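Only the coordinates and a few stated rules stand behind these numbers; no lab work does. Remember, predicted model here, so these are calculated numbers, not experimental data. Reconstructed Cβ throughout: ideal geometry from the backbone, glycine too, with neighbour counts over all protein chains shown.
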Amino acid sequence: MAQLILAVHSGIHDAGAAVFEGYSVKAAVQLERLTRFKGDGRCYPDRSIDEVLTIAGAERRDVDVVTLGRAELPTRFYRNIRGVRWLREQYRQLVEGNDRRYMMREHYRYHTARTDDIFDIDKFKRGGGFRQDTLVHFYNHHEAHALPCVFYRT
């Protein structure tokens, strides 16, 4: 059986998710279709994730690979948020209603290219309901636009 791959885009616009079984698309849903808010990217697309998995007849624990963009991800999974910065994040969450951070800004802030230095992948898997052996990969958003060229056939 082919791997079940969950692709997630969580950004300031057009958040959504898709499920692939091998190279075959099983389902794809943008968050705006569920919230009825044009270009919705106001929150992490948990609703899209659950919807595409339901369409594919799977659950989060069935996912073999999760791919995430290096965009806005839930703050609770970032490392190194302590002290005054933690207080600022509480304000951002409770008053401003924003519970996500841009991963690229965190890379710059901590002068590292290693995702493991700033993002707790194990905590993400536990918090998201995925198996401990689920692989998590981060993709480059702009390189993802080139992917259809790889599979295009005349």
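Semi-axes, largest first, in whole Å: what does sqrt of 5 times each Cα gyration tensor eigenvalue give for the stretch 83-154?
30, 17, 14
Among Arg131, Arg100, Arg109, determine the one that fluctuates most according to a GNM of the chain built with springs between C-alpha atoms less than 10 Å apart.
Of Arg131, Arg100, Arg109, the Gaussian network model singles out Arg109 as fluctuating most.
Just order 115-124, 77-86 by mean Cβ neighbour count inside 10 Å, highest at the front, would you?
Details: 115-124: 15.7, 77-86: 13.2.
Output ranking for 115-124, 77-86: 115-124, 77-86.
Can you give me the Rg/Rh ratio for the chain, using Cα atoms for both radii and the Kirkwood formula for Rh?
Taking Rh as the inverse mean 1/r over Cα pairs, Rg/Rh reads 0.97.
Among Leu34, Leu73, Leu94, which one shows the highest mean-square fluctuation when the chain is modelled as a Gaussian network with alpha-carbon springs under 10 Å?
Judging by the Gaussian network model, the answer is Leu94.
Could you line up Glu51, Glu96 from fewest to most neighbouring Cβ atoms inside 10 Å?
Least crowded to most crowded, the residues run Glu96, Glu51.
Do the sum for the chain: with -39,500 (n - 2.57) for every DSSP H run of n ≥ 4, divided by all residues, what is the mean residue ellipticity at 222 nm, to the nearest 500 deg cm²/dmol?
Values: 7 runs with 52 residues, N = 154.
Calculated from helices alone, the mean residue ellipticity at 222 nm is -8500 deg cm²/dmol.
Express in nm, to one decimal, how much length is gained between Leu34 and Ile12 on full extension, taking 0.36 nm for each residue of separation and deducting their alpha carbon distance.
Numbers: separation 22, 0.36 × 22 = 7.92 nm, distance 1.61 nm.
Gain on extension, Leu34 to Ile12, equals 6.3 nm.
Could you put Val65, Val136, Val19, Val8 in order, starting from the residue whose Cβ has the fewest other Cβ atoms within 10 Å? Kindly include the intermediate steps, with their values, before the conclusion.
Numbers: Val65 15, Val136 18, Val19 25, Val8 22.
By the 10 Å Cβ count, ascending: Val65, Val136, Val8, Val19.
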